[in-house]
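The values are calculated or read from the model by the stated rules, or taken from the named source; none is laboratory data. Since we're looking at a predicted model, the values are computed, not measured. A quick note on method: Cβ atoms are made from the backbone with ideal geometry, for glycine too, and the neighbour counts reach across all protein chains shown.
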């Protein structure tokens, strides 16, 4: 593996290390486009409920605000810096960008593991 490939792999792992970013990308990969308000509700619900039940009414305003702040100030800009997504704060639109294809296989591995915890294996010493 050359240095460039290693750097890209490290960047992909770093980007996907945060659950909020993975949840955002799962949502976008299912539809290619979303609105920030809808993403906030969905991510907050997922964060509160590991079974991912879509009960957005269970999400309180403080949780929504925390997710909003983390998306706007951290996750959206970071994903946009790597051209994984593009977003417009005025319209609230978030779309996948061309860099998404580079991390899509790794994201799918994360998704399978999160949706099917029995696939996780423990390393033996």
Looking at residue 106 and the list (1) in contact (Cβ under 8 Å) with a residue 24 or more places away in the chain; (2) closer than 19 Å to residue 44 by Cβ, which single condition is not satisfied? (2)
Extreme residue, surrounded by the most Cβ atoms within 10 Å (Cβ to Cβ), among residues of segment 94-106 that are closer than 20 Å to residue 36 by Cα and in contact with a helix residue (DSSP H, G or I) (Cβ under 9 Å, 6 or more places away or on another chain): 94
Please go through (1) modelled with pLDDT under 90; (2) surrounded by fewer than 12 Cβ atoms within 10 Å (Cβ to Cβ) for residue 47 and return the number of the only condition it doesn't satisfy. (2)
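Under the condition of being surrounded by 10 or more Cβ atoms within 10 Å (Cβ to Cβ) and touching a helix residue (DSSP H, G or I) at 6+ places or on another chain (Cβ under 7 Å), which residue from segment 113-125 is modelled with the lowest pLDDT? Quick ask: steps written out before the conclusion?
First pass over segment 113-125, keeping only residues surrounded by 10 or more Cβ atoms within 10 Å (Cβ to Cβ): 113-115, 119.
Remaining after also requiring touching a helix residue (DSSP H, G or I) at 6+ places or on another chain (Cβ under 7 Å): 113, 119.
Details: 113: 89, 119: 59.
The extreme case among them is 119.
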Before we move on, is residue 71 touching a strand residue (DSSP E or B) at 6+ places or on another chain (Cβ under 8 Å), closer than 21 Å to residue 111 by Cβ, part of a helix (DSSP H, G or I) and modelled with pLDDT of 90 or more? no
